[in-house]
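Enquirer: Take a look at this one; I'll ask things after.
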Amino acid sequence: MYDQIFDMQSPIFPSLQLVAQDLSGEREKLSKICLREMRESLSTPANVKELPSAYEFVVDMPGVKSGEIKVQVEDGKMLTVAGERRPDENDKEGGKYHCMERGMGKYMRKFTLPDNANRENISAVYRDGVLTVTVQKLPAAESKYPKTIEIKIA
């Protein structure tokens, strides 16, 4: 099922490309950026798990070198994970591919952080093609959720 959803050969992508080709000027540029970001996001599977003291974002990024991965928080609420898988450096002698199924290109996912996420306490570990980003929760007293005050009748 997921293969059909995330398949880049899906009929929806050529249709979206045709829509982008029909637009002109700035709208065309924005449409192409949107299509590129959508492809990058769809081809990057991720799990999000809430733990008692943290949020854990696990992102598959096979073949991406750790130096090519970027994790950042934008606008104080958007966690962005991006990376790029480049062609193999050992493949410069040429040759003819008969089958090429391993994808190259950019990976990207964006996650909206909850209000109680501690944006100052984020760690990331990359191991065996899987990136795990851990965002600690704020203590209950520091949470940005509104606090309800009990009203006493005098």
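The values are calculated or read from the model by the stated rules, or taken from the named source; none is laboratory data. Since this is a predicted model, take the numbers as computed values, not measurements. In this analysis, Cβ positions are derived from the backbone assuming ideal geometry, glycine residues included, and neighbour counts consider all displayed protein chains. Protein only, heavy atoms only, side chains kept; ligands, DNA and RNA dropped before computing areas. Shrake-Rupley method; radii C 1.70, N 1.55, O 1.52, S 1.80 Å.
Enquirer: Give segment 54-77 a look and list any residue that's closer than 12 Å to residue 122 by Cα and not aliphatic (A, V, I, L, M), or say none. Don't jump to the end; show me each part of the working.
Expert: The initial filter retains those residues of segment 54-77 that are closer than 12 Å to residue 122 by Cα, namely 54-57, 71-73.
Once the filter is applied, which keeps residues that are closer than 12 Å to residue 122 by Cα and not aliphatic (A, V, I, L, M), segment 54-77 yields 55, 56, 57, 72.
Enquirer: Would you call residue 97 open to solvent by less than 50 Å² (accessible area, probe 1.4 Å) and either modelled with pLDDT under 85 or assigned to a loop (DSSP other than H, G, I, E, B) (or both)?
Expert: Working: open to solvent by less than 50 Å² (accessible area, probe 1.4 Å): no; either modelled with pLDDT under 85 or assigned to a loop (DSSP other than H, G, I, E, B) (or both): yes.
Answer is no for this residue.
Residue-wise test of (1) at pLDDT below 80; (2) open to solvent by 100 Å² or more (accessible area, probe 1.4 Å); (3) of a type outside the set (Ser, Thr, Tyr).
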| site | (1), (2), (3) |
| --- | --- |
| 27 | yes, yes, yes |
| 47 | no, yes, yes |
| 51 | no, no, yes |
| 77 | no, yes, yes |
| 81 | no, no, yes |
| 84 | no, no, yes |
| 93 | yes, yes, yes |
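Enquirer: Name the pairs: first residue in segment 95-107 and in contact (Cβ under 8 Å) with a residue 60 or more places away in the chain, second residue open to solvent by less than 80 Å² (accessible area, probe 1.4 Å) and among the polar types (S, T, N, Q), Cβ to Cβ under 6 Å, at least 6 apart or on different chains?
Expert: 107/44
Rundown of residues vs (1) at pLDDT below 85; (2) part of a strand (DSSP E or B); (3) of a type in the set (A, V, I, L, M, F, W, C); (4) under 19 Å from residue 47 (Cβ atoms), yes/no style:
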position: 71; (1), (2), (3), (4): no, yes, yes, yes
position: 90; (1), (2), (3), (4): yes, no, no, no
position: 102; (1), (2), (3), (4): yes, no, no, no
position: 111; (1), (2), (3), (4): no, yes, yes, yes
position: 122; (1), (2), (3), (4): no, yes, yes, yes
position: 134; (1), (2), (3), (4): no, yes, no, yes
